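Some notes on the structure that comes next.
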Amino acid sequence: MHPVIAAVRAALAAGAVAPGSPPDPWHAWLLVALARQVDRQRWLVRVQRERLLPDSDADEVPGMPGWRFLFHGDGLCLTAPDGETIDVDDHGDGGLTIDPYFFAQRILSLPHPALPERRLLAFLPTADAMVAAIRELTEEGLLVPGKHGHVFRVARELEADAGALASIDFSDAALRARWAEHLGDHELLARERPSAAAEARAGAKREAYKTYLLARIASEATARAFIDPLETVLTPAELVDACAGLIDAAVNATAGHAIERLDAHPDCPVCPAVSRLLARADPAQHHPYAVHAAARYLLRRGIERERAVEVVLAFAGVGVVAGYRGNPFLGELALLLLEHAPAHALAALRRGLRSSTPAVRTDVAAALAVLGQPWCLRELLLALDDATTFEKSASVRAALSWMGSDEARAAVTRWTQTHVLRATKGPGHGWEEVQEASADGALAHEIDQRRAWADAVRPGIDPDFDRVVWG
């Protein structure tokens, strides 16, 4: 039996702590949480069999007030009144197969996680970190990979213990200490049984955890997933140095995420690598994500403003990014210009409202709607006049309807009366129908995300911005 599984089962049985080095607590708690996930998934399957009909028009689980359900493909998602989300695909095994992303989604949705999940989040606080660590457990033979895709099952011993692990009441301090000792969680043990020796062991384990994380960001395959956990174990200067190495390595998603994490810590020293990335970014070669992150970082700090704006304009001018049908970051780039260099933003905003990428149209339309200034209404009306299909106009019409002025409502009514929605013949729905049905919901979600941004930038934008720019 693998030592980590043995440690978990010994803790469950209140047995003696195995001699030698204890397991790494980040892996041990993850394994416990995965076994507890099995019990939760089995429960979902029982709910499905006993209470739900796939063709039901309702979305509330009968006999379970506040619980919502959604069938999707081969799966079922249950959402608790407190927000917990349990999502399981049907693999014909009664809920034993775990999707790592569904698992991480549930852990992050827990409003009041129990001790195993709380300790897991302390070590692996993001979905990417959890999924990467799950791959490590699979490579060590602690998880059994599925025949297809990325799914897996826990070892049979832990499947058998899933119910018992899920039912543990961790409110007892002595029980918490026992689990901490078995699983090598010396930090938790030092809190439960404080002493100089316990604190020394906790310090050594913190250094081991730091070493573990630094080793992961040194690998291109795992670097992006382990940036966030580093924030809890490094000093601000150390975090800047660690991220600088990733930013200097390439203009890619890992560099972009490293910049975003530094941007979230304005107390950290300025990272010179961000300027270096912007200097070597090539609109013909690189994806705009890292460039957007770098430009935003510099503009927020008032560093190299002219060059940052110049690079943003260059990347916003790219019509088609490699691997896409358009420019997926045009909306974000245009709104960054609006926030920091409004005199340069109008052309990019107009292209965004007319973009071939639905998400870009939604981003810009929602931002203008929630800003709510006179120029925003004028630009949305102009974009509606230019739209020739329901698909291309969906976000703009949703934004105008949300703004609710008589002029906006009248324009939407005129447009819908003079254009025809392309309906699909036969079963199912076409792309234009899907866009039409989802436009209001997508816009509302984006508006909620943009409210704080709009409140912050509105005072710095002239209400007649469009006329000021173009004269």
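Glu157 to Glu60: FRET efficiency via 1/(1 + (r/R0)^6), r the Cβ-Cβ distance, R0 41 Å, to the nearest 0.05? Provide the component values of the computation, followed by the final result.
Working: r = 37 Å, r/R0 = 0.91.
It comes out at approximately 0.65.
Which log10 I(q)/I(0) values does the stretch 341-381 give at q = 0.14 Å⁻¹ under the Debye formula, counting every alpha carbon as one identical point scatterer?
For the stretch 341-381, the Cα-only Debye profile gives -0.27.
Determine the relative contact order of the chain: mean sequence separation of Cα pairs under 8 Å and six or more apart, normalised by residue count, in whole percent.
RCO, the chain: 9 percent.
What's the carbon and sulfur percent of the stretch 1-104's accessible surface, probe 1.4 angstrom, rounded to a whole number?
50 percent
For the charge dipole of the chain, defined by +1 on Lys and Arg C-beta atoms and -1 on Asp and Glu C-beta atoms about the Cα centroid, which residue among Ala18, Leu183, Tyr212 has the Cα displaced farthest towards the positive pole?
Tyr212
Using only DSSP helix segments of four residues or longer, with each worth -39500 (n - 2.57), what per-residue ellipticity at 222 nm results for the chain after dividing by its residue count and rounding to 500?
Helices in the chain give a 222 nm mean residue ellipticity of -19000 deg cm²/dmol.
Which of rounded, prolate or oblate describes the chain when judged by the alpha-carbon gyration tensor and an a/c cut-off of 1.5? Intermediate results must be reported in sequence, preceding the final value.
Numbers: a/c = 2.48, a/b = 1.47, b/c = 1.69.
Because a/c hits 1.5 or more and a/b fails to exceed b/c, the chain counts as oblate.
So, with a 1.4 angstrom probe, what is the percent of accessible area on the stretch 322-403 that is carbon and sulfur?
54 percent
Taking all pairs of different Cα atoms in the stretch 108-211, averaging 1/r and flipping that mean, what Kirkwood radius in angstroms comes out?
For the stretch 108-211, the Kirkwood estimate is 15.6 Å.
How many nm separate the modelled label positions at Ser219 and Phe71, each set 7 Å beyond the Cα in the direction of the Cβ?
4.1 nm
Taking GluC sites (Glu not before Pro) as exposed when DSSP calls them loop (any state but H, G, I, E, B) and at most 16 other Cβ atoms lie within 10 Å, what is the longest stretch of the chain free of them, the sites themselves excluded?
Counting at most 16 other Cβ atoms within 10 Å as exposed, the longest clean stretch of the chain is 221-471.
Kindly identify the stretch 205-254 as rounded, prolate or oblate by the Cα gyration tensor criterion: order the square roots of the eigenvalues as a ≥ b ≥ c, call it rounded if a/c is under 1.5, otherwise compare a/b with b/c, prolate if a/b is larger, else oblate.
Note, shape of the stretch 205-254 comes out oblate.
Please label the shape of the stretch 272-368 as rounded, prolate or oblate, based on the square roots a ≥ b ≥ c of the eigenvalues of the alpha-carbon gyration tensor (a/c under 1.5 means rounded; beyond that, a/b larger than b/c means prolate, else oblate).
oblate
How much of the accessible area of the stretch 197-284, probe 1.4 Å, is carbon plus sulfur, in whole percent?
58 percent
Taking a probe of 1.4 Å, how large is the accessible area per residue of the chain, in Å²?
Ligands and nucleic acids excluded, the figure is 46 Å² per residue.
Would you mind calculating the relative contact order of the stretch 276-423 from Cα pairs under 8 angstrom and at least 6 residues apart, reporting the percent as a whole number?
The value is 15 percent.
Would you kindly state how much longer the chain becomes between Leu175 and Ala237 on full extension, computed as 0.36 nm times their sequence separation minus their alpha carbon distance, in nm to one decimal?
Full extension from Leu175 to Ala237 adds 18.5 nm.
The values are calculated or read from the model by the stated rules, or taken from the named source; none is laboratory data. Note that the structure is a prediction, hence the values are computed from the model and not measured. Please note: Cβ atoms are built from the backbone with ideal geometry, for glycine as well, and neighbour counts cover all protein chains shown. Note: areas computed on protein heavy atoms with side chains; ligands, DNA, RNA excluded. Shrake-Rupley method; radii C 1.70, N 1.55, O 1.52, S 1.80 Å.
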